[in-house]
Amino acid sequence: MLDLDRIRHVLQTREHEPATFEAGPNHAAVAMILAGEARALEVCFIRRAEREGDPWTGQVAFPGGRAGREDPDAHAVAERETYEEIGLRLDLQHRVAPLPVRPNVRGSLTLSPFVYHVDGATRSQAVARLPDEVASVFWVPLAHLFDQRAVTEIEYPSGLTGSVFPGIRFGEHVIWGLTLRVLQSFAQVLQLRLPALDD
């Protein structure tokens, strides 16, 4: 179902309109990193550190972040942030294809997600390098993300006034929010059903 060759073909042949890139805090990029054999792929996630003032504090995310003034394009943002956060060097040889741009995230932020693929040796280099930003790095089998049994809900913020959101449970982690929406884009392009957001 989730063969790397098929993923490459579908993502690389679809029409894609990249976002107008402006170096600075209104543009961000993330890396959806696949690793492993073609039919046994895993996906890299991070859990963000608990930080006051961070709108995504403690949440599961893809490596990535906001553009800096020195970044020439959105790919550079995803690749720089991935190295800074988890020590994994991505470059042209690892690029698979972009996913649909997500405009107007939390107001004026534009998010450019990209899919990458790395081999096992590169995968093993991924560790949390910035403890103030990244609490942990973990890998999830791609098939698990499409498993009905992994569907869950999360209350955020926790407590009596929180709202309930759909998610995917993996051990102690719940993948939800913006990260889940990027996974939804991935699923939609590949014409796959993502049970956690099955409307």
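A short reminder: the numbers here are calculations on the coordinates, not readings from a lab. Values in this document were obtained by computation on a predicted structure and should not be read as measured data. So basically every Cβ, Gly included, is an ideal-geometry build from the backbone, and we count neighbours across all protein chains shown.
Data table
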{"quantity": "Alpha carbon centroid spacing (whole Å) that separates segment 67-127 from segment 154-185", "calculated": "22 Å"}
{"quantity": "For segment 129-199: rounded, prolate or oblate by the Cα gyration tensor [a/c cutoff 1.5]", "calculated": "oblate"}
{"quantity": "Mean Cβ neighbour count within 10 Å, used as a protection proxy, ranking 79-92, 114-127 highest first", "calculated": "79-92, 114-127"}
{"quantity": "Global geometry of segment 71-154, whether rounded, prolate or oblate, following the gyration tensor of its Cα atoms and the 1.5 cut on a/c", "calculated": "rounded"}
{"quantity": "Segment 1-79 - Kirkwood radius from inverse mean 1/r over Cα pairs (Å)", "calculated": "14.7 Å"}
{"quantity": "Spin-label model distance (nm) - ARG181 vs THR152, 7 Å beyond Cα toward Cβ", "calculated": "2.2 nm"}
{"quantity": "Proximal charge balance of SER136 [Cβ under 14 Å; K/R count +1, D/E count -1]", "calculated": "-2"}
{"quantity": "Within segment 156-199: backbone nitrogen closer than 12 Å to the HIS144 label point (7 Å, Cα to C-beta)", "calculated": "168-175"}
{"quantity": "The chain: calculated mean residue ellipticity at 222 nm from DSSP helix runs of at least 4, using -39500 (n - 2.57)", "calculated": "-6000 deg cm²/dmol"}
{"quantity": "Equivalent ellipsoid semi-axes, the chain, via Cα gyration tensor eigenvalues times 5, rooted, Å", "calculated": "22, 21, 18"}
